[in-house]
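The values are calculated or read from the model by the stated rules, or taken from the named source; none is laboratory data. None of the values given here were measured: they were computed from a predicted structure. Please note: Cβ atoms are built from the backbone with ideal geometry, for glycine as well, and neighbour counts cover all protein chains shown.
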């Protein structure tokens, strides 16, 4: 594909997103850099355009259009001071809650901050006076980036239109040649529809979708009550449901619909659903994200607060609702559960995965993999805080569903290994029951000062320290293919710490069990204590690779 | 009052605001600058506090508390790099939607940017990673500033708690002495209660308030449909209702409950309501704002989108609802309209004001004051765009209610005199009927290039240009007491423009009527045209001052 085609398809997808968001009017101030956007907007039969040479005037003219229609209105200008002329109208739109969609075209990175003509820093140009400001990536070819471009157009208009309404900015760097290819037919991703959280949100359009073979994918931390509602929903629809440990789907009651070895199952071949019903962001399970990205299936995303967090850009319906609001609304719909064959195919895979895992772990002795399965089989009526990096991934891969009253927490917002001891302490301080923390040595070391709170407030926290002397997660990742010296220096990062000193500094009871039996006994003792379990960085990798090979081989023989 | 007392009362009001917003937990990292806040928070029996020396750990500990409780949690630290240590937890709270209330104390302005110890720029320290960032003013004594401080505490917590939840920052500069006065009793403004826009918002607590003698005050632009709903509500409650021209209360049907000379009436003595029901921001009518500020009456504020725009900081109930959502909810309440005596007292004043205005204007010939009354008596089935500065104030003061199908628009967000011609053109381009613009010469000149759109798209816009050769509004304001040379240079600002040249540049028909009859005839002619009406800057001032003196004298004789 040539540059003009790439540019054109990318911008057409963006404009389709604007229209799906509700843009029907645009005010264009012509200029060179904005040429392709101006031409494509002006030629769009579904957008009424106006031309205004003076951007300051154009901003206010668009404000008048928005004031009269109460609809979002797009503004298009070239790079440089042109965009600054919109500022007065942006301020007025902010104060009167009018949805101006300010599209400032810009020069690409290589022409920034080098004295190129008509180039200035346009990123977040209007500061806190817009509801959102974003820079679009340079045009790229292919369905992934066109879906991205469409999503930016759609979500920025949706944000501007959400109460209280207001202006938004999208800065759009474009590279020459600036002429669009006018022979490219206008085709765009399927429309996305936002269903806001209103008193009488109409979910009837979803009834047909929910009557087909579907899959529920749950992300983000969920309370046990939400988890129970989600399991019941899966049972009502007769659909399989997956979600990582933080969703607490695995730790309430057992449900035949819940697949607790999703990371294995989605590395095999799975039956193709007609529809995906997602709650919140994606689970930690990487193979699920990759599978979704490959198949791009029709998707309903339920996410309270209109945050538009769909990293795949594939949602067709965005429902601004909490889990319980969604469940209450669905209960009003006439639904026929799908045939049990659909669920059966998934359960077949779940049984295979579970039995292979059982075989794999049995008789291993104490290591990081067996510690995880033992942990989940032992803990009862307690909170479990699971650290980022290896800990949560091992738990996601190796833990079986249990119904022992464990509630799982983590810090999966930006997934840092910072502040984990402190977060666990804060949770335990507020709850009225003991907490077990599962954490690797690097993360534990990173927030050493956080242990002071456990001592100061005598919090009943038991720490299971998965010590592999460094960054074990990188043994699972492509970085392990680096030359050994680089890998050791930057990723394996051994700290060679004696954790008995840490225990003594913060008055923690310390132990280092060497057998599975000793380990499980320590788990049930009075907190606060530090339970250190050693393993090689390569240990869990070998276990997982063997298990995966076994599964993929035997799954082929499943007779669907 | 000494400094310690002032500081203490001010911070106690702020802390009361935090608690009214829902704060029940706080994590304090001690330090010098934060002393008064730390001590007062730690001594508050309704706030459970934790002490954590390391602010990075404290941030994550608070995150854990918020994660477990789903409640807002306050963080208190001293000035300098302490606040920067919260940043990792702020980022995690942003991504996982947890309401951290980050209170960073700071040095006052005179110690900023001069190399004072532990001082750095803490304003908007966390950039776009908090939902809102605000700096509290230095402590001041008195109920106005304590209400302000309380409002900041309350609204910042409310913003953090609104879906999607997230962190906020309040930067709190404090001046020495930093010790609070521990003998000051904890008393604070009456609680503010936020009623969010939920499916089953319970308005029953309002029923008692709505059964008393009340007054409805409407602000912001309202559609004719909203205006009709608001008039009906006033009639149902048997309450008076006021609102400036943009509310369109004056331009739909006539209602005996609507007071169309509020600026006169509120400069006399008015009966004291038991409750104020406000919709949106305050109207343009300054005497109403001053009267409200003086009496600080129990107030219900209806404002969709939780924007907290109460410049008086007096709202006791904040209802996140549109006008129609509120009306629909109130219809469910059992209400008994108050006795007609209440409304009668107001109608007496309205009749006096209306008859004095009639007397004042009659026989004046054409000037800016008589042009306004003639305009509203002449326009029919048209839009009216009213410019800022003098134009809207004259319209608010002198226009009588009419039922001639006029819809009024303006730009009252940040009230600029910029972009008004363009906004009017945008409104007219989108509507299917003619528009009349009422504008002064400075505002008209400021957006001269905006006229191009009227010509280009042949928009039916008639411009009534109130020309007084400069900034007439300042003749109403204290600036006119400045030495004559300063006033002339900076405020009277004569431009000495020949507007026939403007008309010819933009192909507008031009006229300058000299009688009221000629003026009204021009109003009904085909647009686009420029109708220039000249007056002295002091002209409307004399009219208004005479009218006001008449009203205040005769109002004293009213027998309530």
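Observations
- Hey, residue B:157 more than 12 Å from chain A (Cβ to nearest Cβ), part of a strand (DSSP E or B), under 28 Å from residue B:190 (Cα atoms) and in contact with a strand residue (DSSP E or B) (Cβ under 9 Å, 6 or more places away or on another chain) or not: no
- Residue within the stretch A:510-520 that is away from chain B (no Cβ under 14 Å), within 17 Å of residue A:421 (Cβ to Cβ) and more than 34 Å from the chain's Cα centre (by Cα) present: yes
- Qualifying residue in the stretch A:75-85 (condition: within 14 Å of another protein chain (Cβ to nearest Cβ), assigned to a loop (DSSP other than H, G, I, E, B) and closer than 27 Å to residue B:304 by Cβ): no
- Taking the listed residues B:146, B:92, the one that is in contact with a helix residue (DSSP H, G or I) (Cβ under 7 Å, 6 or more places away or on another chain) and either away from every other protein chain (no Cβ under 14 Å) or in a loop (DSSP other than H, G, I, E, B) (or both) is B:146, with no other qualifying.
- Residues of the stretch B:115-127 satisfying the condition of being surrounded by fewer than 15 Cβ atoms within 10 Å (Cβ to Cβ) and closer than 30 Å to residue A:123 by Cα: B:121, B:123, B:127
- Number of positions in the stretch B:62-74 that are within 26 Å of residue A:434 (Cβ to Cβ) and not in a helix (DSSP H, G or I): 4
- Answer from B:246, B:259 - the residue that is under 29 Å from residue B:477 (Cβ atoms), in contact with a strand residue (DSSP E or B) (Cβ under 7 Å, 6 or more places away or on another chain) and away from chain A (no Cβ under 14 Å): B:259
- Scanning the stretch B:250-273 for residues that are under 21 Å from the mean Cα position of the chain (by Cα) and either without any contact (Cβ under 8 Å) to a residue 40 or more places away in the chain or within 15 Å of residue B:346 (Cα to Cα) (or both) turns up B:258, B:259, B:260, B:261, B:262, B:263, B:264, B:265, B:266, B:267, B:273.
- Test: residue in the stretch B:410-421 that is surrounded by 22 or more Cβ atoms within 10 Å (Cβ to Cβ), touching a helix residue (DSSP H, G or I) at 6+ places or on another chain (Cβ under 8 Å), at the interface with another protein chain (Cβ under 10 Å from one of its Cβ atoms) and closer than 18 Å to residue B:531 by Cβ: yes
- Residue match in the stretch A:299-306 (condition: surrounded by 23 or more Cβ atoms within 10 Å (Cβ to Cβ), part of a helix (DSSP H, G or I) and at pLDDT below 95): no
- Qualifying position, being in contact with a strand residue (DSSP E or B) (Cβ under 9 Å, 6 or more places away or on another chain), crowded, with 24+ Cβ neighbours inside 10 Å and within 13 Å of chain B (Cβ to nearest Cβ), among A:37, A:63: A:63
- Test result for residue B:69, within 13 Å of chain A (Cβ to nearest Cβ), in contact with a helix residue (DSSP H, G or I) (Cβ under 6 Å, 6 or more places away or on another chain) and surrounded by fewer than 21 Cβ atoms within 10 Å (Cβ to Cβ): yes
- The stretch B:2-23: number of residues that are in contact with a helix residue (DSSP H, G or I) (Cβ under 8 Å, 6 or more places away or on another chain) and outside any helix (DSSP H, G or I): 2
- Residue A:454 away from every other protein chain (no Cβ under 11 Å), farther than 30 Å from residue A:255 by Cβ, more than 26 Å from the chain's Cα centre (by Cα) and modelled with pLDDT of 95 or more: no
- Taking the numbered list (1) under 22 Å from residue A:423 (Cα atoms); (2) touching a strand residue (DSSP E or B) at 6+ places or on another chain (Cβ under 7 Å); (3) away from every other protein chain (no Cβ under 14 Å) in turn, residue B:18 passes all entries but (1).
- Just one of the listed residues (A:216, A:242) is within 25 Å of residue A:298 (Cβ to Cβ), outside the structural domain of residue A:391 (by TED's automatic domain parsing) and either free of Cβ contacts under 8 Å to residues at least 60 places away in the same chain or part of a loop (DSSP other than H, G, I, E, B) (or both), namely A:242.
- Filtered residues of the stretch A:430-451 (kept if crowded, with 24+ Cβ neighbours inside 10 Å, at the interface with another protein chain (Cβ under 10 Å from one of its Cβ atoms) and part of a helix (DSSP H, G or I)): A:450, A:451
- Which listed residue is more than 14 Å from chain A (Cβ to nearest Cβ), modelled with pLDDT of 95 or more and either assigned to a strand (DSSP E or B) or in contact with a helix residue (DSSP H, G or I) (Cβ under 6 Å, 6 or more places away or on another chain) (or both), from B:402, B:370: B:370
- Residue A:267 falls short of the stated requirement of being more than 30 Å from residue A:357 (Cα to Cα) and assigned to a loop (DSSP other than H, G, I, E, B).
- Looking across the stretch B:201-234, the residues that are in contact with a strand residue (DSSP E or B) (Cβ under 8 Å, 6 or more places away or on another chain), surrounded by 20 or more Cβ atoms within 10 Å (Cβ to Cβ) and within 14 Å of chain A (Cβ to nearest Cβ) come down to B:219, B:220, B:221, B:222.
- Sole exception among (1) assigned to a loop (DSSP other than H, G, I, E, B); (2) at pLDDT 95 or above for residue A:551, by number: (1)
- Residue identified as outside the structural domain of residue B:248 (by TED's automatic domain parsing), more than 21 Å from residue B:253 (Cβ to Cβ) and surrounded by 12 or more Cβ atoms within 10 Å (Cβ to Cβ) among B:370, B:329: B:370
- Test for residue B:415: is it within 28 Å of the chain's Cα centre (by Cα), under 24 Å from residue B:369 (Cα atoms) and part of a helix (DSSP H, G or I): no
- Among (1) at pLDDT 95 or above; (2) more than 14 Å from every other protein chain (Cβ to nearest Cβ); (3) under 30 Å from residue B:123 (Cα atoms); (4) surrounded by fewer than 20 Cβ atoms within 10 Å (Cβ to Cβ), the one test that residue A:104 misses: (4)
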